[in-house]
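Reviewing the structure listed below.
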Amino acid sequence: MAARPTWKGYLKISLVNIPVKVFPATDASATISFNQLHAECQSRIQQKRWCPTCQKDVPNTDIVKGYEYEKGHYVVMDDEDVEKVRVESTRVINLEKFTDDVEVDPIYLDRPYYLAPDGPVAKEAFAVIREGMKGKAGIGKVALYGREYLIKVQPRERGLVMYTLRHASEIRSMDAIDELADMPETVKPAEVALAQQVIGTFEGALDFADYRDDYQEGLREIIEAKIEGREVVVQEVQEPPKVVNLMEALRRSLDSISGSKKRPAQSIATTPPTKQAQGSRSSAQTASPRKRRTA
């Protein structure tokens, strides 16, 4: 099924305006979700809009938006009032500043979206801008779902990826975490060196396709079992042992990693040789004395 755009407008860089479409980069349907049911009859619960003053259900046509400016006091905003807010970002993604694509701290990243050209005419200009932005990221704004977002745009494969960003006011300071207040000022160099050695043994190329969501797969297995009337045996999850001696734990980690890497070679060595291999070995043994005699 082809992806559907959630926004259409223009990508603007200085005097260049390119028609673009915005597509969600993630798939919410990949995650299992549950409905609320009545335990007695297993009917799905309905969420009703109830007015406590009038003591009745309120239909959607009688519901308006209100902003509480004082406790219990609201100002009503209708669609015409909202339409009066006409910021540029409702139709234009204006990239106002550029920086290195790795410059933005990941803590500011929120949701990813894909940008694609809107129409055949826009494709060439879109491709030129994509190539010109390699290694760079543009910072701008866009209005989505009734609010304006700060965004980061950068090249990705054949298109552009756009991340909505959190504002600085939304990021909590780590100083607010009491558990980090009395962290040790210095650590033992020998422990750090050993930790680096252990970590280094796990280094390698990263491919997120290699990682599965074990929790989701477990849920699916239980759901399928309940549909089929089967029982699922639950495996106990053991708590990891507490680290009493850090150096000893690091050394044991390194030994276990080294041992696991040596096992395949040991298993090959202990495998009984085939008849063909035995024949080759005996011929090799008889050949070596002849070489010594000619020498």
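Since every read-out is calculated from the coordinates, none of them should be taken as a lab result. None of the values given here were measured: they were computed from a predicted structure. Positions of Cβ are generated from backbone atoms using ideal geometry, with glycine treated the same way; all protein chains shown enter the neighbour counts.
What FRET efficiency comes out for the pair ILE171/TYR145, r = Cβ-Cβ distance, R0 = 25 Å, nearest 0.05?
After rounding to 0.05, the efficiency reads 0.75.
Computed FRET efficiency, Cβ-Cβ of HIS73 and PHE23, R0 35 Å: what is it to the nearest 0.05?
About 0.25, to the nearest 0.05.
Write down, largest first, the equivalent ellipsoid semi-axes of segment 1-114 in whole Å, where each equals the square root of 5 times an eigenvalue of the alpha-carbon gyration tensor.
Square roots of five times the eigenvalues give 38, 25, 16 Å.
Do the alpha carbons of any pairs in LYS12/LYS123; LYS71/LYS152; LYS21/LYS152; LYS97/LYS134; LYS56/LYS84; LYS84/LYS141 sit beyond 26 Å of each other, and which pairs?
Violating the 26 Å Cα-Cα cut-off are LYS71/LYS152; LYS56/LYS84.
Return TRP50, TRP7 ranked ascending by Cβ neighbour count within 10 Å, so the fewest neighbours appear first.
Ordered by Cβ neighbours within 10 Å, fewest first: TRP50, TRP7.
Take every Cα pair under 8 Å in segment 88-168 that's 6+ residues apart, average their separations, divide by the length, and report that relative contact order as a whole percent.
39
How much length, in nm to one decimal, is gained on full extension between ASP255 and THR61, taken as 0.36 nm per residue of separation minus their Cα-Cα distance?
Gain on stretching ASP255 to THR61: 62.9 nm.
How big is the dipole moment of segment 115-173 about its Cα centre under a simple scheme where the beta carbon of each Lys and Arg is +1, that of each Asp and Glu is -1, and everything else is neutral? Debye, nearest 20, please.
Around 220 debye, computed over segment 115-173.
With the calculation restricted to Cα positions, what are the radius of gyration and Dmax of segment 189-235 in angstrom?
19.3, 57
So, in nm, how far is label ASP100 from label TYR215 when the simple model puts each one 7 Å beyond its Cα toward the Cβ?
For the pair ASP100/TYR215, the computed spacing is 3.4 nm.
Counting other beta carbons within 10 Å of each residue's own, what order do ASP214, ASP118 fall into, fewest first?
ASP214, ASP118
Consider all pairwise Cα distances in segment 88-168 and report the whole-number % of them above 17 Å.
Here the tail beyond 17 Å accounts for 45 percent of pairs.
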